[in-house]
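Inspection log for the structure reproduced underneath, given as structure tokens.
The values are calculated or read from the model by the stated rules, or taken from the named source; none is laboratory data. Fair warning: this is a prediction, and the values are worked out from it, not measured in the lab. A quick note on method: Cβ atoms are made from the backbone with ideal geometry, for glycine too, and the neighbour counts reach across all protein chains shown. Note: accessible area is taken over every heavy atom of the protein model, side chains too, but ligands, DNA and RNA are not part of it. Shrake-Rupley method; radii C 1.70, N 1.55, O 1.52, S 1.80 Å.
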Amino acid sequence: MKYFRLLVIAIVVGFVATAGGMTVAAAQGDPPGPPASFYGEAVDEDGNAADSGTTIVAVVEGEVEGQIAVETAGEYGGPDAFDEKLSLDSAAGNEVSFRVEDASGPAALEDPVDLAPGLSEQDLTFPAGTFDDSPDNGDDGNGGSGDDGDDTDVGSGTVEFLIETDIDNDHACTHGEYDERTPLEAGNSPDDAPVVVKDHVIWEVTYEGDEGYIRFDNNEHDVYPGLDSWVFYQAGADLSPTDGTVLETGDVDECPSLDGYMEVETPSDGVFDIEVTEDGDVTGPASGREDDQEEEDEEDEEEDETDDEEVTVEDVVETVDEAEPDGKAEIEIDEDADGSDENITVGTGDETESVEEIVLADYVESVSIEEYTENDEVVETTTASIKQYLTENIQKDVEEDGEETDADDNATADVDTPEVTVSTVARITVGDDGGEDTPAAVTMSVAADDINESEQTSIFHQTDGGWEELPTEVKEETDEKVVFSGETSGFSLFAVAEVEGEHEEDTESDPDSEPDSQPDPDPEPDSQLEPETEPEGEGDSDSVEESDDSIPGFGMITAVGVLLGAIVARLGWRPGDLGQQNRN
């Protein structure tokens, strides 16, 4: 009878605990609803568009529940799948209002709007003047107030101007960040330009029309009259001396208050006439410039665009087919070499410049060589193709490494694109079939000035799948040239390329190379089982947790069952014990 009472008490405790667990689950807060997303126009009553960077916020019951920054003036978000949207929890309330910048900002005239899940196009109109960015009437640059409407004349502007004795961006930024601005009204021509004689002063220059002029008289400078050159810093301006040679220009990255500078050689009369226009780039006169920064920037952009283009190895072959080689050689091999057990060495002599020697393992009737060292199109196309091939291999390695990491770590890696410089390209074929499967050693040389580090330079061989980096050794290095040698499994296109950046050297043609890891020929039984049993255990654990979360109180029921089983086991009760106790 004692056992029976214990069993009844345990069952009652279990039901009470289960009911409590269900009560707790029912008392938990409602889960968030599906998102409500909005996009559309954003203008004010005057028709002014919301500027790029303007923040539109969604407000529910006085709290900001979502926000988005305007990217295209007059629009927030977009309807397409990858467009950003103004999204918030649809369960946050029944209605949503829209404001500019924060919950207390100007409200849209369409407010409030029903808050429902899904994507909605909602054009927003804000009060007049919300997005009016026209300049206020105020100081006309001479200390007085201008007439209404006159300070928006086309071509008028304000620039900042600083004179220094030498290029020192940190020093100039100290003035730019901390000095008060001194007003200066520019003239309409060099003849009526204001004359300044001081350096270390930030001038706030205003002008009317398309340009203004400032005159700096070096002869009147109290410390450095007759200095050979002067440096002019600016913010928001184009600077052009009407005479004098621009020696150097550059950007100022050290602070936001200044944009750039130009150093100008002092004119013979010691007087600088500087033309200023509101543009934001430093320029010099059309004639007499020793440094044309704009042309250099354009050339850099063109090179970057070329680097970003996708170029396949087939594109390289096509380019070579259409190009005229710099040098060409046809070398017949003596028939006496046929049947010899020794390697056959083919010297090119003076017939070619970059290909110096070919060592063949088997006899072939002839060797054909075409060189493309001076052909820019071939070299640039080959450079882009090898760079792309190396980058893809690095990306592939990163992705394979990522598969081996724990998914919970969300491991990511940035892929650094290697810098590739191709010095020469050569097409080598042997025999009647071209010799794609003919093993050999190829020796090629490049001018010493064409590479920076010989240790980072290799011979690359064109294959069907892309490029193969041959195991390459430096055979000779002088002030005039560097000679490289590499073993190849066949003939086609070859390129000598310097690679800066991390990349893995191809090892397909190196018989001594070994993979990073080899499978264990005699794996231990335990090691074979562990990879299978551990994931299964983890999977079971995950499935149990999901069941606990999906059925409130189910975990408690399971626990009670375990508790009852433990009590029965502890007391040693058997099904027949209850009848035995009743008979007693």
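General observations
- Answer residue from the stretch 94-110, given it is open to solvent by less than 50 Å² (accessible area, probe 1.4 Å) and modelled with pLDDT under 90 and is nearest to Gly33 (Cα to Cα) among those: Ala103
- Taking the criterion of being in a strand (DSSP E or B), touching a residue at least 60 places away in the same chain (Cβ under 8 Å) and surrounded by fewer than 19 Cβ atoms within 10 Å (Cβ to Cβ), the only residue of the stretch 430-462 that qualifies is Ala441.
- Condition check for Leu119: open to solvent by less than 70 Å² (accessible area, probe 1.4 Å) and either aliphatic (A, V, I, L, M) or over 22 Å from Val43 (Cβ atoms) (or both): no
- Selection status of Ser229, farther than 30 Å from Asp132 by Cα, open to solvent by less than 30 Å² (accessible area, probe 1.4 Å) and either of a type in the set (Gly, Ala, Ser) or in contact with a Phe, Trp or Tyr (Cβ under 8 Å, 6 or more places away or on another chain) (or both): yes
- Flag for Asp251 being at pLDDT 85 or above, open to solvent by 80 Å² or more (accessible area, probe 1.4 Å), of a type in the set (Asp, Glu) and within 25 Å of the chain's Cα centre (by Cα): yes
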